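Encoded as structure tokens, the structure appears first; notes follow it.
Read the figures in this text as sums done on the coordinates, not as results from a lab. Since this is a predicted model, take the numbers as computed values, not measurements. Here the Cβ positions follow ideal geometry from the backbone for every residue, glycine too, while neighbour counts run over all protein chains shown.
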Amino acid sequence: MTEMSYLDGNMLDGPLRELLAVDLSAATGRCAWCGMVGPMAGLRVYAHAPGLVGRCPACAEVMLRLVRAPDRAWLDLRGATYLQVPMPPTGPPFPR
Ligand SMILES: [Zn+2]
């Protein structure tokens with residue numbers, strides 16, 4: 001059996017920091033429930049919950065939950081199959 005090499009999860013810090021520092025309203029997301037692909041800015045956001053709840057404009061299922069506490073935040077994206085984020089043409093040297 002061949003042992004696959006891997007890197008410590010700490011190496012994700014730079015790539016994720018670059019990704020999460022962008023304006024997510026410019027991102028495109030795919031609804032995990034109905035498959036609709038569209039701008040995250042098109043979500044219907046309900047702010048009268050303990051946090052923010054973003055629902056798909058096509059099927060009304062939850063795509064995103066964001067809860068902010070004074071010292072931490074929780075981001076739940078299980079309702080989105082993926083997020084596609086516009087990036088500058090050059091970036092850090094991580095595998096693409
Ligand atoms: Zn949907």
Report task. Name the long-range amide H neighbours of residue 32: under 5 Å, sequence gap of 5 or more, or other chain; modelled H, no Pro or chain starts. Result -> 80, 81
Requested in this report: Could you go through the stretch 50-59 in sequence order and give the Karplus-derived ³J(HN,Hα) for each residue, using 6.51 cos²θ - 1.76 cosθ + 1.60 with θ = phi - 60°, rounded to whole Hz, and x for Gly and Pro?
Outcome: x, x, 9, 10, x, 10, 4, x, 8, 10
Query raised in the report: Once you put a point 7 Å from the Cα of residue 82 and another 7 Å from the Cα of residue 6, both along the Cβ direction, what distance in nm separates them?
Result: 2.2 nm
Query raised in the report: Taking the Cα centre of the chain as the origin, how large is its charge dipole in debye, to the nearest 20, when only Lys and Arg (+1) and Asp and Glu (-1) carry charge on their Cβ atoms?
Result: 400 debye
